[in-house]
Structures are given as C-alpha cells and as structure tokens.
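Chemist: Supplied in structure tokens, the structure appears directly below.
The values are calculated or read from the model by the stated rules, or taken from the named source; none is laboratory data. Note that the structure is predicted; figures quoted are calculated from it, not measured. All Cβ positions, even for glycine, are placed from backbone atoms using ideal geometry, and neighbour counts span all protein chains on display.
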Amino acid sequence: MVEDTSSIANLWDHPEATVATLLAGYRQHEYTVSDVVEACRHRIEQLDRRGPTLNAMITLAEDVAAQVDAVERSAAEYSELPALHGVAVVIKDNINVTGLPTTGGCAALAELIPSADAEVVARLKAAGAVILGKSSMSEFAWGTYDTQNSIIEGYTRNPYHLDYAAGGSSGGSGVAVAAGYCVAALGTDTGCSVRAPASINGLVGLRPTHGLISMKGVMPMNADWDTVGPMARSLDDLAVVLDVITGSNQTPGPYGGALAAGSSRRARVGVLRQLADPEDTDPGVVALLDQAVNDFATAGVAVVDPVATDVFELAFDAFDWYLRFRFDLDGFLQEMRANAPPHSLAEVLETGLVLERYLEPLRASLEWPHLPPQHPRLTQMTDIRDRYRDAFSGLLERHDLDALAFPTFRFPPVLNGAMGDRPDSSQAPIGSNNYYASLTGFPALNVPMGYSELGLPVGLQLLGPPGSEARLLQAAHGYERHTRHRRAPAL
C-alpha cells in the first residue's frame, strides 16, 4: 500500500494538469499505475467510511487489480500512452459499469447489475482510465443542494466543512474529486447535478450541449434535459476527459487542443447581473462576482458589465419537464430486463425502499397519465424554451460574446438537511441559477469563484451557445490560472 507520504501525494493538490503530470511520471518511471491507484484506494479507505466519513462512494470496484494489469499491458502496444493511461476515475451510480450495480441511489435497485458498460465508460476504459467505483447520488437524481440516498446511511459530506451539503445530485462524484479519491469523475446533469457539486466542492464541472455526449447505458431522469458531464480539479484535466467521452481519437483532442493553443481572439464575457440581484443574493456572493469581473479583465478577457435581457419575466415550471420521469425510467429498466426486478417505477415504489423525502415527486410522475409527446402543456413549454434560446443567443450575438457569466448559486452552500430535516433552518435560501442551461440545452461551465465566510467554495457559471464548449474552456482558462482559487480541503 502506498502511503500519502510518497511523491504521489503531491498529485492530489497539484494546481493544474494532473493528467499531464501523471502521464509524465509514468513515462519517466517515477511510479506505476498500481502505485497511483493504490494511493487513491488508500484515500478512500481513510476518508470515506472512517475519519471524516465523507460518504462519497456507494460501491468499490473489485476488479481494480485486473484493470490495472490490463492498462499496463496494453500500454506496451502504443508508441504514446493513451490519453487517460492509469488515470483514476469515479462514476456516478446511474451510469452503467459492467459488473457493478446501477442503483440510481435507490436500495430497490441494489441487484441491478449491467452486462455492458455505458458508452462513456467504455470510452474511458479504452483511453486507459481505471474505474475505482460508483459514487453516491441523490436518489434517482432528485437533488440540488445535498446528496442522500437509500443505499448508504446519511448524507454525502462536504470536505471543506463536514456539516454542510455537498451538492446534488452528483454529490459523491464532486466529493470524490475534491477529496483526492480520483483525478476526475463523471456525473449527470439534468437541472444542475454536475454544476451544483462542482460549485460547492471547488471544482470545474461542465454541462455540455444537450446531445453532445452519448446517454447509452445511463439511467435517465428527464430525457429532454439529461446529459453526462465531467468534473475535475482543473480545466486541463476536464478537457482531456471531455475529449475522451465525446469520442475523440486524437491526443490532444479538440478541447485539450483548444486550451493548448489558447484563444484565437480575445475572449469576451458578459456579466448577467440580473442573476445576482443584491435583493435576492448573498452579499458575499455579490462581492465574489465583482472580484471575478476584475479577475477576468486582468487575465485578458474582455468583460461587458452588465448585459441584460427581459426574458426572465417569462416564468416556467421546471417540474413540467420532469413529469416524464416514469416513462424514461421504465424504458431503461425494461432494457435491463435480464437483470433482477423491479422493472418499473411502480415496482420500485411497491418495495418501500425509497426515501420519504422523494416520494411526492415520484408518485406525481407515476400518476401522470400522458406520454411525453402528449403533454397537455407541451406547446407552451417548447415556446418558452425557444424564447429563452432566442434571448440568450441574441444577447451573445448582440455583444459579440463567448459567454454569459453569473453565480452558479446566489447563496453559499447550506447545512446538510437544511431543506427539511433541520427545523431551525427549513427555509435555507438556495438561489439556483442552473435551470437556464438545462431548459435551453446550452453548455454551461462552472469554475471556482472563491469562498464564503465559512470557507465553503462558491462557483461562477459561464453559459455559451450550442457547441461552444471549447470557447467556454478558453474563456475560463486564463481566469483559472490567474486566480488559482481552488485549494485542497483540510482533511
């Protein structure tokens, strides 16, 4: 077992390009894949169920030694190491990994074991990644501010302050990266579920353009909005993972290459102050946004502050889109019919193995009688979606912008249980600004913006037009290097 006193320990706190640093170390024979993976497993052993008990992992892979052996043997076939050779990755527990349960965070599905990898996981493995296990998630991804499920007891805990929430629904993936269990992790993002844990755990996290990344082998929540998204400690690492899961066979791929080349022209960012209104935003978050504006300018990014649109007068009910959950989940479970039951949401609820806090939305979806194409408000819903798309596209074009910038949340992270289990703080303000990218399908990137008074990370979101992932990464890269906001939690 490699202890954290080894040189490998420095990788956990490396400010940037951990993947590149790892690959350089492998080439120079400073350590082996086995050394690095064992160091990751040691951190999980020390931090997840003992010590701070972060509760970030649901299942650990039992075939890690075989994966390591296969990675080391296959490397001999290449003149250059694959893009993620020996890179430890954690996968959210609604994404299929061969031989590991896909529970969706629900005890009713503890025996649902896929016989094939999700396409994104297959691509990670082909690029040399080692899958350490499956991360904790809010049950069936119904979470924004915290992560709780019926598989493991208690909440996933924020490594920066253990009493506080880790974000949802991909909270386990966020904590796994922040705490150094792995180099990167995959989550899924429907309403916020990559960007929330990235913001709250001091990470970069991307919700890509809807449809960019394959959802084959991924348990759905709302197929109109669902996407897989990566989280990492730096944009360089995120870009490599994004290249791999989008199917690039180049090294570097288009996203890593975009960062290496730098921007072909000076990036331009517009500040959407309407999503940081002082009357409905924590003063500390407003101050961090003000500082971010200055930091972007210092990093060479042109800032237009403010920009505005009247589209926010157009209200929409996100839950209208989630009413299709039963149809999407039932389709996924029926595809997995060779595995253990239950095979439908109705059968899941019949087991009684669902947290009470999620019963209301699950029952509402179960009782919803309309197929998605026959939703009685579909015309109104799609009209609102299109008007938001047009408004954001027009704003970006009018000011010649690469991205719109605003806080990911208007308030700092909340206490675990603050939205129901703690009577002293049952109305904790959240202030999520995440539904806009979900509704439109536009890509959105979270980057660290600083810390609250309690030392909890706070994120900044950059939203761009469809297909603009490379431009978002470029716009954020200089800011990241200038500010170096990310610091490791004191565990």
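Chemist: Among the residues in the stretch 473-490, are any surrounded by 19 or more Cβ atoms within 10 Å (Cβ to Cβ), touching a residue at least 24 places away in the same chain (Cβ under 8 Å) and over 20 Å from ARG233 (Cβ atoms)?
Modeler: No.
Chemist: A follow-up question, please. Report, ordered by the first and then the second residue, all pairs with beta carbons closer than 6 Å, sequence separation of six or more or different chains, a first member in the stretch 265-285 that is farther than 25 Å from HIS399 by Cα, and a second member that is surrounded by fewer than 21 Cβ atoms within 10 Å (Cβ to Cβ) and hydroxyl-bearing (Ser, Thr, Tyr).
Modeler: GLY284/SER452
Chemist: Quick one: is VAL244 at negative phi and touching a Gly at 6+ places or on another chain (Cβ under 6 Å)?
Modeler: When the stated conditions are applied, VAL244 does not pass them.
Chemist: Being of a type outside the set (A, V, I, L, M), within 17 Å of the chain's Cα centre (by Cα) and under 14 Å from PRO208 (Cα atoms) is the filter here, so list the residues in the stretch 223-279 that pass it.
Modeler: Passing the criteria: TRP225, ASP226, THR227, GLY229, PRO230, ASP243, THR246.
Chemist: Can you give me the ranges of the helices (runs of 4 or more DSSP H) entirely in the stretch 17-79 with at least 2 residues that are closer than 18 Å to ASP237 by Cβ?
Modeler: Helices (runs of 4 or more DSSP H) meeting the threshold: 18-27, 33-47.
Chemist: Would you pick out the residues in the stretch 288-330 that are in a helix (DSSP H, G or I), among the small types (Gly, Ala, Ser) and more than 24 Å from the chain's Cα centre (by Cα)?
Modeler: If the condition is that a residue be in a helix (DSSP H, G or I), among the small types (Gly, Ala, Ser) and more than 24 Å from the chain's Cα centre (by Cα), then ALA297 is the only one that fits.
Chemist: Is it the case that the stretch 431-445 has a residue that's in a loop (DSSP other than H, G, I, E, B) and modelled with pLDDT under 95?
Modeler: yes
Chemist: Would you be able to tell me the number of residues in the stretch 232-287 that are of a type in the set (Gly, Ala, Ser) and outside any helix (DSSP H, G or I)?
Modeler: 10
Chemist: A follow-up question, please. Exactly one of (1) more than 27 Å from the chain's Cα centre (by Cα); (2) modelled with pLDDT under 95 is unmet by GLU335. Its number?
Modeler: Checking GLU335 against (1) more than 27 Å from the chain's Cα centre (by Cα); (2) modelled with pLDDT under 95, the one that fails is (1).
Chemist: Going by the structure shown, is GLY86 closer than 22 Å to VAL241 by Cα and buried (at least 24 other Cβ atoms within 10 Å of the Cβ)?
Modeler: Considered against the rule, which asks whether it is closer than 22 Å to VAL241 by Cα and buried (at least 24 other Cβ atoms within 10 Å of the Cβ), GLY86 comes out as yes.
Chemist: Which members of the stretch 30-72 meet the condition of being over 17 Å from VAL90 (Cα atoms) and either in contact with a strand residue (DSSP E or B) (Cβ under 8 Å, 6 or more places away or on another chain) or surrounded by 20 or more Cβ atoms within 10 Å (Cβ to Cβ) (or both)?
Modeler: Selection gives PRO52, THR53.
Chemist: Something else: Among the residues of the stretch 187-201, which ones are of a type in the set (A, V, I, L, M, F, W, C) and either surrounded by fewer than 24 Cβ atoms within 10 Å (Cβ to Cβ) or not in a helix (DSSP H, G or I) (or both)?
Modeler: CYS192, VAL194
Chemist: While we're looking at this one, here's another question. Among the residues of the stretch 155-186, write down those that are closer than 19 Å to ASP236 by Cβ and either free of Cβ contacts under 8 Å to residues at least 24 places away in the same chain or not in a loop (DSSP other than H, G, I, E, B) (or both).
Modeler: The answer is SER173, GLY174, ALA176, VAL177, ALA178, ALA184, ALA185, LEU186.
Chemist: OK, next. So which residues in the stretch 101-154 are part of a loop (DSSP other than H, G, I, E, B) and charged (D, E, K, R), if there are any at all?
Modeler: GLU111, ASP117, ASP146, GLU153
Chemist: Also, I was wondering about something else. When the residues of the stretch 65-103 are narrowed to those that are out of contact with any helix residue (DSSP H, G or I) (no Cβ under 7 Å at 6 or more places or on another chain) and among the acidic types (Asp, Glu), which ends up nearest to SER169 (Cα to Cα)?
Modeler: ASP93
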